[in-house]
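Just below is one structure, and these are the notes that go with it.
Throughout, read-outs are computed from the coordinates displayed, never taken from laboratory work. The structure displayed is predicted, hence computed values, not measured ones. As a convention, Cβ positions derive from the backbone with ideal geometry for all residues, glycine included, and neighbour counts pool all protein chains shown.
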Number of protein chains: 2
Amino acid sequence: MRRLDASDPGFAAAFDALANDRRESDTDVSTDVAAIIARVKAEGDVALADYTARFDRFDLETRGWSISKEECAAAYEALAPELRDALDLAAERIRAYHAAQLPEDRDYRDGTGARLGARWRAVDAAGVYVPGGRAAYPSSVLMNLLPAKVAGVERIVMMTPTPDGETNPVVMAAAHIGGVDEIWRVGGAQAVAALAYGTTKIAPVDVVTGPGNAWVAEAKRQVYGVVGIDMVAGPSEIVVVADNKNEPHVIAADLLSQAEHDPTSQSILFTDDGDFADAVAAAVAGIIPTLNTAPTMQESWADNGAVIVVPTLADAIPLCDRLAPEHLELAVDPAEADALFAKVRHAGSVFLGRQTPEAIGDYVAGPNHVLPTGRRARFSSGLSVTDFMKRTSFLALDDASLAAIGPAAVALAGAEGLPAHALSVANRLNKDSL
Amino acid sequence: MRRLDASDPGFAAAFDALANDRRESDTDVSTDVAAIIARVKAEGDVALADYTARFDRFDLETRGWSISKEECAAAYEALAPELRDALDLAAERIRAYHAAQLPEDRDYRDGTGARLGARWRAVDAAGVYVPGGRAAYPSSVLMNLLPAKVAGVERIVMMTPTPDGETNPVVMAAAHIGGVDEIWRVGGAQAVAALAYGTTKIAPVDVVTGPGNAWVAEAKRQVYGVVGIDMVAGPSEIVVVADNKNEPHVIAADLLSQAEHDPTSQSILFTDDGDFADAVAAAVAGIIPTLNTAPTMQESWADNGAVIVVPTLADAIPLCDRLAPEHLELAVDPAEADALFAKVRHAGSVFLGRQTPEAIGDYVAGPNHVLPTGRRARFSSGLSVTDFMKRTSFLALDDASLAAIGPAAVALAGAEGLPAHALSVANRLNKDSL
């Protein structure tokens, strides 16, 4: 963990180093992934069966390619009531937040009488990747499936590895709630390739989303353009801006809620009180050994954690913008939180006030928890219904509106050396001469 | 040119072949591009100067790195009045259409008292690539710059090669109208690398858009994730659905307006009248030799053109959806155009009625002419202001709303094996025990 003080002479350089830290893995899997994709394109289901046998020790042909909707419904029914209610509440709130995101169509006439507009439609099919093992989070299943469902996608496909045949009942229950249409027991880059290019068994989709390991992420990157993808995901981060009216151990737990995800996660505290900074750091050290994610938290906090003392909390905001964090907590009085938030330029999701822990946003708040990481909040946004939709613009002219704007198009086509463009407009301007 | 008839026994296979045609170049420039990007990252301006000397025969150090705003203003003033007025009209209409796209922020309370919302902000800086030579279209300059300007981007950078020092005065005039802040005389993959990573002279940007050759397109693909990009662009296409009340030579010119762009462009006519189909094909053959883009049109039409006879025009729509064309003309009576459009699922931009040539949309209609190509209208949309913006979601809870939804978050965190997440919420639920 780094402790920085903005009043120290070396602060600018130290903060630059922190902001420019590249926590992403340098392992280059692009060649391996390209080979997997090429083989799935060439051999289809045979390649999927072979990779699945090899990587997941699971024979798709004898043990079954897919998980049925009925199995998911049964998993949902078998959940402990408290957990089932929690998933239902999360789904209800995620649906409501995303339904309000549905874009409005436009259809209007301008001053020339030209009719213009834009119309949104869902994509035909979406594929959601769900990791097996440690990172298989039912909350992520909901966060990916529900925006597609709310968008109106008619076919939603889930791909998930089931190593040694193992399935996660809570993930299956979430798939049931999310209304998935197909679940294939295929993971890794080969699953992404199947979604993008299709196989005999698995029809291709139009958009691929969902978290995954380095192979999955690289595969999504390589099929980008063949299909739409949600984003390039990197290690996640939280920045907490807190005053000394917070309990140190409460803020410490917030920082650790990010640190427990992965050793590459980053947790940073900005505060205007050096004693509070030290108290939080001490609380972090005290909490780590008490939780069973201790090894991950320890590594993340040691390598990437930071506690930064600033003269005033307002001074933290431009520094925070440099980090463009995935998550930002403004743990101060409500009015001050609003004032600070008004100055924030770059953050994926912001949590206002002392009673709004980031972890709420991971589960039940409603906004999507799939957010831009690794400074990408500078230019990208959390997952939304529009990631599963596309916009078609349209135009209708009559004689009058064509006469009003057509000659300018002819002039510009001429200047660009495109005579057929000019002719196509001019033909209609001179209808009497046809 | 292929002539297909939906009533022929071999039609399904022939149409499949047409729809699956991959017109994109197979030239693999990815290794070359990766080397250029790596060198620009390592050597910065030195690399830019060297590549520019080599590829554009232009010495940046002695002849100047940039084109000034004053030069652009002078180019604008020097334009022929008709052309200047045409550019001004185009800009005014593009601005108006895109201003109406500006997304609304959300800020509301739900039934628990939780405050939720989303806030949009422009990115800090955008870079627009503008090709030199044949494909340097002032209309594209406006179509890329104005959405960024309307979005509120504070720094807009243009990169354009000036081979042998040559500049295009209409492009410079368009840059003036678009309100560009910097223009650098750098092109190719090296320009994209400079935008993404920055050099001593050129500060990095957050989003890179604009058309370019295979090197530029591959460079954008490789820097995707470091910056946002508009899209992966492929060869463009037009589909015209027309009845026999159109003049054949008018529809022929529409088809050729796409064919003159590039030999890989594709122009396809659907009609319900075989005689009309033949008349259009004859008109195409007649027009080609009369225009100075004849060689390009000839190659595009011969290789990629198609005339398809369908029993009714409604039968064309599902076929058209398979093609997901960049541009779709519905050259029929207005009411029929509306009815057909209601059935269209996949198209970048649609032109309704006999008096709405696609070429109007390239210049002065208002909607963006940067559109998804190569079947990507299945999942992606034309360039818009939101490509230069990002959304930050936010949440504020009080004791009551946290009490309402917090326990569900604790339950889900427990099920996912993330104890620090659970602790971070539970700490605040049990304030009395702190």
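Numerical summary
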| read-out | value |
| --- | --- |
| Candidate lysines for bridging to B:Lys69, where Cα separation is under 25 Å - those fewer than 8 sequence places away on the same chain excluded | B:Lys149, B:Lys201 |
| Three-way shape call for the stretch A:367-434 based on the alpha-carbon gyration tensor, with the a/c threshold at 1.5 | prolate |
| Positive minus negative residues near B:Val239 (Lys, Arg vs Asp, Glu; Cβ under 15 Å) | -2 |
| Per-copy distances of the A:Thr200 label point, shortest first, in nm (7 angstrom along Cα→Cβ) | 6.2 |
| Test item: Cα-centred dipole of chain B, Lys/Arg +1 and Asp/Glu -1 on Cβ, debye | 1480 debye |
| Antiparallel %, DSSP beta bridges [both residues in chain A], to 5 | 25 percent |
| Loop GluC sites (Glu not before Pro), the stretch B:143-233, which have at most 15 other Cβ atoms in a 10 Å radius of their Cβ (DSSP) | B:Glu154, B:Glu166 |
| The protein assembly as shown - share of DSSP beta bridges that are antiparallel (%, nearest 5) | 25 percent |
| Calculated label separations, B:Tyr108, copies of the chain, 7 Å along the beta-carbon direction, nm | 2.1 |
| Cut-off under 5 Å, modelled amide H: who pairs with B:Ala118 long-range | B:Arg106, B:Asp107, B:Phe394 |
| For the stretch A:80-97, Karplus couplings with θ = phi - 60° (6.51, -1.76, 1.60), whole Hz, Gly/Pro x | 4, x, 4, 6, 4, 5, 5, 5, 5, 5, 4, 4, 4, 6, 5, 4, 5, 5 |
| Average beta carbon contacts from partner chains per residue of A:116-128, 10 Å cutoff | 4 |
| Among B:266-274, A:204-212, the order from most to least packed when residues are scored by Cβ within 10 Å on average | A:204-212, B:266-274 |
| Amide H within-cut-off set for A:Leu4, under 5 Å, with H built and near neighbours excluded | A:Val307, A:Ile308, A:Val309 |
| Label-point separation, B:Ala302 to B:Ala285 (7 Å along Cα→Cβ), nm | 1.4 nm |
| Degrees between helix A:399-415 axis and first principal axis of chain A (Cα, 0 to 90, nearest 10) | 80 degrees |
| ³J(HN,Hα), Karplus 6.51/-1.76/1.60, whole Hz, each residue of the stretch A:258-264, x for Gly, Pro | 7, 4, 6, 5, 6, x, 8 |
| Burial ordering of A:Val123, A:Val29, A:Val241, fewest other beta-carbon atoms within 10 Å first | A:Val29, A:Val123, A:Val241 |
| Equivalent ellipsoid semi-axes - Cα gyration tensor, the stretch A:119-229, angstrom | 19, 17, 12 |
| Rg in Å to one decimal, and Dmax rounded to a whole Å, for the stretch A:234-379 via C-alpha atoms | 13.8, 38 |
| Packing-based exposure ordering (other Cβ within 10 Å, fewest first) of B:Ser257, B:Ser30 | B:Ser30, B:Ser257 |
| Length released on extending from A:Arg22 to A:Ala314, taking residue separation times 0.36 nm less the Cα-Cα span | 102.5 nm |
| On Cα atoms only, tilt of A:274-287 relative to the major axis of chain A in degrees | 90 degrees |
| Residue order, fewest to most surrounding Cβ atoms within 10 angstrom, among B:Ser381, B:Ser68 | B:Ser68, B:Ser381 |
| Axis-nearest residue in chain B [Cβ, rotation onto A], distance in whole Å | B:Tyr224, 3 |
| Sparse-neighbourhood loop sites, trypsin sites (Lys or Arg not before Pro) in the stretch A:30-127 - DSSP loop, at most 13 other Cβ within 10 angstrom | A:Arg57 |
| Principal semi-axes in Å for the stretch A:124-163 [√(5λ), Cα gyration tensor, largest first] | 20, 11, 4 |
| P(r) histogram, all alpha-carbon pairs of the stretch A:215-299 included - 10 Å bins from 0, percent | 17, 37, 23, 15, 8, 0 |
| Angle between chain A longest axis and helix A:169-178 axis [Cα atoms, degrees, rounded to 10] | 40 degrees |
| Share of pairwise Cα separations in the protein assembly as shown, more than 36 Å, in percent | 50 percent |
| Contour excess over end-to-end distance, with Cα ends at A:Glu92 and A:Thr112 and 0.36 nm allotted per residue | 2.7 nm |
| Compactness index (Cα Rg / 2.2 N^0.38 Å), the stretch A:304-421 | 1.74 |
| Calculated log₁₀ intensity ratio I(q)/I(0) where the Debye formula runs over C-alpha points of chain A, q = 0.06, 0.08, 0.11 Å⁻¹ | -0.33, -0.57, -0.93 |
| CD proxy at 222 nm, helix term only [per DSSP H run n ≥ 4: -39500 (n - 2.57); per residue of the protein assembly as shown; nearest 500] | -14000 deg cm²/dmol |
| Amide H contacts under 5 Å for A:Gly210, placed H, 5+ residues apart | A:Tyr129, A:Asp230 |
| In Hz, Karplus ³J(HN,Hα) per residue of the stretch A:337-349 (6.51, -1.76, 1.60; θ = phi - 60°; x = Gly, Pro) | 4, 4, 5, 5, 4, 4, 8, 6, 9, 10, 6, x, 8 |
| Label spacing, shortest first and in nm, from B:Glu166 to its equivalents in the remaining copies (7 angstrom along Cα→Cβ) | 6.5 |
